[in-house]
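To start, the structure itself, in structure tokens.
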Amino acid sequence: MKTTQYLAEIENELNRTIELISEDEAEKLVDHILKSKKIFVAGAGRSGFMAKSFVMRMMHMGLDAFVVGETVTPGLEKDDILIIASGSGETKSLVSMAEKAKGLEASVAVVTISPDSTIGKISDLAIKIPAKPKAGADSDYKTIQPMGSLFEQSLLLLFDSIILSVMEQKELAGQTMFGRHANLE
């Protein structure tokens, strides 16, 4: 198969996956974000990269959004939300964060392949991205892509869609976000 044929198949996979994401769950996350004092986002590996891009856009909108583990990240409090990106929902460090956040009485949301996972059960809200897990061949969801690529791509698109919903609710135009864009590069 040629490179552009792979690209077309990836696009087909993304379309199939995105159609199965719950609109209700996505809107609940938008509501949680808008009601939260501060937003914390965590993920490991490539899911973590998608999470960082999500935080960047929230910062551009003027929201108090932070990546867990960065040196400038403040403490999590009761009126805050922790959003975790984890395909498996079992990454030990992220499970620990979810437990700690619940102990601090903050809201916890997870975007995952497995809402019945440990993090999914701890969370107040779980959004399922129906994609094939990295490990294990037994899955209803097929992909030509390696490892968790389909989940991670879908995660980025879902996060960008959530940004658009938050922008609409806050009546922000894309141009206004440039005022908070980096300017030293």
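The values are calculated or read from the model by the stated rules, or taken from the named source; none is laboratory data. Given the structure is predicted, the values throughout are model-derived calculations rather than measurements. Here the Cβ is made from the backbone with ideal geometry for all residues, glycine too, and neighbour counts use every protein chain on show.
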Residue that is farthest from residue 152 (Cα to Cα) [pool: residues in the range 1-24 that are hydrophobic (A, V, I, L, M, F, W, C) and over 19 Å from the mean Cα position of the chain (by Cα)]: 1
The range 30-51: number of residues that are modelled with pLDDT of 95 or more and surrounded by fewer than 17 Cβ atoms within 10 Å (Cβ to Cβ): 5
Of residues in the range 124-157 being modelled with pLDDT of 80 or more, hydrophobic (A, V, I, L, M, F, W, C) and surrounded by fewer than 22 Cβ atoms within 10 Å (Cβ to Cβ), the one nearest to residue 3 (Cα to Cα): 147
Flag if residue 27 is under 19 Å from residue 155 (Cα atoms) and exposed (fewer than 15 other Cβ atoms within 10 Å of the Cβ): yes
Some residue of the range 106-120 being farther than 27 Å from residue 16 by Cβ, in a loop (DSSP other than H, G, I, E, B) and over 15 Å from the mean Cα position of the chain (by Cα): yes
Pick from the range 89-112, criterion surrounded by 15 or more Cβ atoms within 10 Å (Cβ to Cβ) and in contact with a Lys or Arg (Cβ under 7 Å, 6 or more places away or on another chain), ranking: farthest from residue 36 (Cα to Cα): 112
